[in-house]
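Have a look at the structure below before the remarks.
The values are calculated or read from the model by the stated rules, or taken from the named source; none is laboratory data. No experiment lies behind these values; they were computed from the predicted model shown. Don't worry about glycine lacking a Cβ; one is built from the backbone with ideal geometry, like all the others, and counts go over all protein chains shown.
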Amino acid sequence: MTIETPLLDSVNMPEDLRKLDKSQLRQFADELRAEVIDAVSVTGGHLGSGLGVVELTTAIHYVFNTPDDRLVWDVGHQCYPHKVITGRRDRIRTLRQAGGLSGFTKRSESEYDPFGAAHAATSISAATGFAEASRHLGKDTTSIAVIGDGSMSAGMAYEGLNNAGHLSSKMVVILNDNDMSIAPPVGAMSAYLARASSSGVYQGFRKFTKQLTKRLPRRVYEALGRAEEYGRGMVTGGTLFEELGFYYVGPIDGHNMDHLVSVLENVRDMEDGPVLVHVVTQKGKGYSYAEEAADKYHGVAKFDVVSGKQKKGTPNAPAYQKVFAQSLIDLAKDDDKIIGVTAAMPSGTSLDMFEKVYPDRMYDVGIAEQHAVTFAAGLAGDGLRPFCAIYSTFLQRAYDSVVHDVAIQNLPVRFPMDRAGLVGADGQTHAGSFDIAYLGCLPNMVIMAAGDEAELVRMTTTAVAFDEGPIAFRYPRGEGVGVDLPPVGEILEIGKGRIVREGTKAAILSLGGRLAEALKAADMLEAQGVSTTIADARFAKPLDTDMILDLVRNHEAVITLEEGSMGGFGAYVLQFLAAQGALDNGVKIRTMHLPDVFQDQESPEKMYDTARLNAAHIVEQVRQALGLSAEVVNLRA
């Protein structure tokens with residue numbers, strides 16, 4: 001038996017890969033897949049999507065001259081094989097760790113990442129921009145976008161396709177179709193047709209016949225053009241893309257290296273405008289546990305490669321998202337107007353739990369946040385009670401719909417905003433930092449923030465009862481703090497907070513998930529002789545103005561605390577107090593919020609430490625406001 005010499009060790013950059021013989025690419029891809037599996041078993045992260053594009057990644061870097069040819073990955077969670085090939089193998093086991101590689105593409109990380117992405121459907125637009133930049137600069141390069149079929153549910157993908165087709169940009173869009181239930185046949189005949197229709201011989205004949213038929217009457221010329229287009233469309237599919245101005249090639253087997261390389265070489269050498277290559281892949285390919293999993297091991301914790309068992313700890317408290325979903329299920333028993341809406345995140349928001357109980361009252365609209373919001377507005381406009389559950393960071397993508405279709409019309413859409421605050425390993429792109437600021441400036445909007453999981457139950461109940469306009473409520477990622485849940489959530493009075501702990505000298509006015517840290521800080525301050533009030537604002541809008549004025553009148557220092565950006569809750573409090581003239585009475589007021597930077601990935605606890613929003617930092621802020629020294633002082637003495 002012949003033992004194959006390992007190839008992966010000989011490839012540090014794409015130029016090394018291009019030195020291999022085509023016959024060696026199959027072995028290289030197998031080694032690359034094993035490397036990705038091993039790396040993610042150590043770090044956790046996105047697995048199934050990367051395994052599905054191992055052959056495609058290899059073929060792209062083998063055929064195209066990256067980084068001069070601009071390769072743009074959509075979303076980016078499938079980019080781990082790409083990172084191994086492009087000089088980052090020595091750091092691949094730092095994925096999603098502090099100081100390590102990002103879990104997505106990132107411009108500052110490598111010249112092979114020309115465009116950073118962690119949200120869906122940006123690739124075609126960006127690649128079109130690179131293609132036109134190349135034309136303006138006189139460069140003979142190709143722009144390549146790799147987009148998954150899931151991202152094709154987002155309207156922005158079609159906006160990009162439409163514009164690229166209109167411009168006849170020199171670019172290649174690779175549609176990575178990994179939903180095998182809807183994929184067309186990818187057998188020998190379709191592979192043959194893809195290679196034939198992308199070949200130089202066919203392209204040359206097509207160009208010749210186009211020139212010849214141009215001499216015919218216009219009506220005949222246009223009819224022949226339509227006949228050629230639809231003739232290919234009937235055999236291979238892709239008529240929609242042809243209508244948008246793309247030359248369609250496919251479908252082809254995304255795991256057949258010979259087919260991939262052959263087709264991509266043909267496409268690379270085409271002289272005409274944009275081309276779309278339809279590649280069919282299997283998510284989780286090559287790792288049996290991923291192939292068999294319902295979600296194809298989309299996102300995983302650290303795991304044992306041999307057994308496939310993920311190393312998840314035992315939760316100390318239920319996750320916020322599950323508390324929300326269970327509360328909604330309980331409330332929906334007595335209210336058939338409650339509807340669930342999400343944008344491709346049923347499990348991420350735990351609305352899959354709701355769907356199991358009420359399948360006819362649950363809508364997953366795909367990666368289409370803008371549509372989700374306006375769709376929910378339509379539901380609300382006819383008297384239903386839609387809960388449009390979207391991560392804080394993804395709701396940014398639907399902002400115009402929130403303004404134009406919900407807030408202006410004062411429609412009672414409920415916005416449960418998961419992943420509020422910092423989210424750990426997903427880093428900059430997934431942090432829920434800005435929703436308090438971007439929603440708080442909208443007339444008619446009510447904003448709540450849950451300080452613990454019991455409060456989340458109450459806020460879900462409140463959102464059901466509130467029919468006067470839009471209402472949003474935010475809550476963190478991960479486990480709650482371990483408080484007892486109320487059996488039936490009480491309805492909160494809109495714009496009213498609560499005093500959690502009474503004190504006399506300093507007051508901490510907390511909004512949202514930092515409440516537990518505020519309570520820790522109060523214990524530390526009490527031990528130092530500083531009597532501290534803890535207030536849970538509950539509402540960022542409308543503010544509990546009576547409670548805020550009472551805190552200012554009866555304490556020497558007031559600290560606002562939030563897990564949101566500057567321009568949010570603290571700014572609203574200061575603006576209110578300034579308008580009341582309450583800043584002139586000598587009280588020391590400080591705001592604590594996320595820093596004005598995009599924070600890199602780290603554990604959530606360390607991210608909040610970097611943001612200076614943990615208990616020790618709250619203590620420091622209180623002491624500074626009171627004019628106390630930095631060291632611990634027993635003020636009772």
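Summary of computed values
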{"item": "Selection status of Val341, modelled with pLDDT of 95 or more and part of a strand (DSSP E or B)", "result": "yes"}
{"item": "Residue that is farther than 20 Å from Ile147 by Cα, surrounded by 14 or more Cβ atoms within 10 Å (Cβ to Cβ) and among the hydrophobic types (A, V, I, L, M, F, W, C), where the choices are Val300, Val275, Val306", "result": "Val300"}
{"item": "Test set (1) in contact with a Leu (Cβ under 8 Å, 6 or more places away or on another chain); (2) crowded, with 23+ Cβ neighbours inside 10 Å - Leu20 fails condition number", "result": "(2)"}
{"item": "Of all residues in region 279-336 being of a type in the set (Val, Ile, Thr) and in a helix (DSSP H, G or I), the one that is nearest to Leu95 (Cα to Cα)", "result": "Val323"}
{"item": "Qualifying position, being touching a residue at least 12 places away in the same chain (Cβ under 8 Å) and in contact with a Pro (Cβ under 8 Å, 6 or more places away or on another chain), among Ile339, Ile329", "result": "Ile339"}
{"item": "Every residue from region 10-31 that is under 14 Å from Lys83 (Cα atoms) and either among the aliphatic types (A, V, I, L, M) or outside the structural domain of His255 (by TED's automatic domain parsing) (or both)", "result": "Val11, Met13, Leu17, Ala29"}
{"item": "Residue check for His593: closer than 18 Å to Thr393 by Cα, within 32 Å of the chain's Cα centre (by Cα), surrounded by 14 or more Cβ atoms within 10 Å (Cβ to Cβ) and without any contact (Cβ under 8 Å) to a residue 40 or more places away in the chain", "result": "yes"}
{"item": "Filtered residue count, region 415-430, keeping only those that are surrounded by fewer than 24 Cβ atoms within 10 Å (Cβ to Cβ) and under 20 Å from Val373 (Cα atoms)", "result": "1"}
{"item": "Breaking point among (1) in contact (Cβ under 8 Å) with a residue 40 or more places away in the chain; (2) in contact with a helix residue (DSSP H, G or I) (Cβ under 7 Å, 6 or more places away or on another chain), for Ser401", "result": "(1)"}
{"item": "Hits in region 24-48 - residues which are among the hydroxyl-bearing types (Ser, Thr, Tyr) and either touching a helix residue (DSSP H, G or I) at 6+ places or on another chain (Cβ under 9 Å) or part of a loop (DSSP other than H, G, I, E, B) (or both)", "result": "Thr43"}
{"item": "Which numbered condition Asp546 misses (of (1) at pLDDT 95 or above; (2) in a loop (DSSP other than H, G, I, E, B); (3) surrounded by fewer than 14 Cβ atoms within 10 Å (Cβ to Cβ))", "result": "(2)"}
{"item": "Every residue from region 555-582 that is touching a Leu at 6+ places or on another chain (Cβ under 9 Å) and modelled with pLDDT under 95", "result": "Gln580, Ala582"}
{"item": "Scope region 423-482; condition part of a helix (DSSP H, G or I) and farther than 20 Å from Ser350 by Cβ; matching residues", "result": "Gly427, Gln428, Thr429, Ile436, Ala437, Tyr438, Leu439, Gly440, Ala465"}
{"item": "Selection count where residues are in contact with a Lys or Arg (Cβ under 7 Å, 6 or more places away or on another chain) and more than 16 Å from Gly381 (Cα to Cα), scope region 464-480", "result": "1"}
{"item": "Members of region 347-372 found to be among the hydrophobic types (A, V, I, L, M, F, W, C) and outside any helix (DSSP H, G or I), listed by number", "result": "Met362, Val365, Ile367, Ala368"}
{"item": "Residues of region 549-577 that turn out to be within 21 Å of Leu519 (Cα to Cα), part of a helix (DSSP H, G or I) and under 35 Å from the mean Cα position of the chain (by Cα), as a count", "result": "3"}
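Conditions (1) farther than 20 Å from Gly512 by Cβ; (2) touching a residue at least 12 places away in the same chain (Cβ under 8 Å); (3) of a type outside the set (Phe, Trp, Tyr); (4) surrounded by 13 or more Cβ atoms within 10 Å (Cβ to Cβ), marked per residue:
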{"site": "Ala579", "(1), (2), (3), (4)": "yes, no, yes, no"}
{"site": "Val587", "(1), (2), (3), (4)": "yes, yes, yes, yes"}
{"site": "Gln601", "(1), (2), (3), (4)": "yes, yes, yes, yes"}
{"site": "Met607", "(1), (2), (3), (4)": "no, yes, yes, yes"}
{"site": "Leu613", "(1), (2), (3), (4)": "no, yes, yes, yes"}
